1. Where nothing but the Cβ of Lys and Arg (+1) and of Asp and Glu (-1) is charged, how large is the charge dipole of the chain around its Cα centre, in debye to the nearest 20?
2. Ignoring any ligand, DNA or RNA, what whole percent of the accessible area of the chain comes from carbon and sulfur when the probe is 1.4 angstrom?
3. Quickly estimate the mean residue ellipticity at 222 nm for the chain, helices only: each DSSP H run with n ≥ 4 gives -39500 (n - 2.57), and the total goes over all residues, rounded to 500.
4. Which of the aspartates and glutamates could a cross-linker bridge to residue 201, judged by Cα under 15 Å and excluding same-chain residues fewer than eight apart?
5. If r is the Cβ-Cβ distance from residue 116 to residue 202 and R0 is 22 Å, what FRET efficiency results, to the nearest 0.05?
6. Are there trypsin sites (Lys or Arg not before Pro) in region 143-251 that DSSP puts in a loop and that have at most 14 other Cβ atoms within 10 Å, and which ones?
7. What is the set of long-range amide H partners of residue 153 at a cut-off below 5 Å, with H atoms built 1.01 Å from backbone N?
8. In whole Å, how far is the Cα centre of region 151-165 from that of region 64-98?
Amino acid sequence: MRYDPPFHKSNGLIPTLIVLAGLIGLPWISDASYTRHLMVLVFVFAVVAASWDLSLGYGGLFNFAHVALFAVGIYTYAILAKTFGVNPWIAVLAAGPVAVMVAIVISLPVLRLDGIYVILVTIAFSKLVYQIIISQSSVTGGTSGMVTLPALSIGDYRFTKDGRIGYYYAALVLLIAACAFLHATTRSKWGRAIVALRDAKYAAISRGVPVARTRAITLAGSGLFTGIAGGFYASYVRVASPDIFGLGSLTLVLSILLVGGIGTIWGPVTASFVIVLLSEAMADFGPWRDILIALLIIVVMILYPAGSGA
């Protein structure tokens, strides 16, 4: 049996601490607000992609409703913080459990399905969530969305001040917490059950692994920090728009996952720096941006079939 040491005893500890120290010191090296803005986006989408990897990479569930869970977090924050006046921090944290509940609902029709059928059902569920948001315009703003959402603050200090340095560090903490959660989950008893169902479903069932419960836990765990990231993102951009359901968002997160490599937490986190920064750098390229990113994915898949971070 291969020895799999705890993270604090592994070879990845020192490089992680060095990178983390660099990210902590980055705002003091470069005070450009645009740089901080890009890094906030990197951190947020790294959380979303790494969380998706729990169900897609480790669980082998082709859950294409994952971006819908991100949207659920966005609209949960918008409705709680703006419509009901809930404290923004509570609204951000509440977005996680709400996304978990939606993920559990998604899991119900896919408990006994595999392959293409899971893809079709989850895509249909994503469209259902989109239609609900569009149709309930009195609550969600419909196609116009919701704007001027409350920003995060601590006391009198608003995170929008000082080049949004508050958002930068809050996003970094969110990324660290999400990675710690996912790392602990994949190494737990449930994490081993999730991988066992992916690799040898019937053998795992014969050993007593419950399929329905394990799949529900997989999707719920995948949705927790995705929802929180959605709530945080809404507080940052201060807009909740149905555009998040568009092909652009799905392509961005899926590109991060494929380039980083599925079945690894650190791969999507690393790839988010490349894909998000590259996508923003090519913002003026129009349709060529998607073409170039697609070519990048093809090159990575040819040279590194398991992903660059695997």
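The values are calculated or read from the model by the stated rules, or taken from the named source; none is laboratory data. Worth saying up front: this structure is predicted, and the values here are computed from it rather than measured. When we count neighbours, we look across all protein chains shown, and the Cβ atoms used for this are built from the backbone with ideal geometry, even at glycine. The area values use the complete protein model at the heavy-atom level, side chains included, leaving out ligands, DNA and RNA. Shrake-Rupley method; radii C 1.70, N 1.55, O 1.52, S 1.80 Å.
1. On the way: 19 positive and 11 negative charges, 178 e Å.
The calculated dipole for the chain is roughly 860 debye.
2. 68
3. Calculated at 222 nm, the ellipticity per residue is -23000 deg cm²/dmol.
4. Of all the aspartates and glutamates, those that pass the test against residue 201 - Cα under 15 Å, at least 8 places apart if same chain - are 114.
5. 0.70
6. 161, 207
7. When sequence neighbours closer than 5 places are left aside, the close amide H contacts are 159.
8. Answer, in whole Å: 19.
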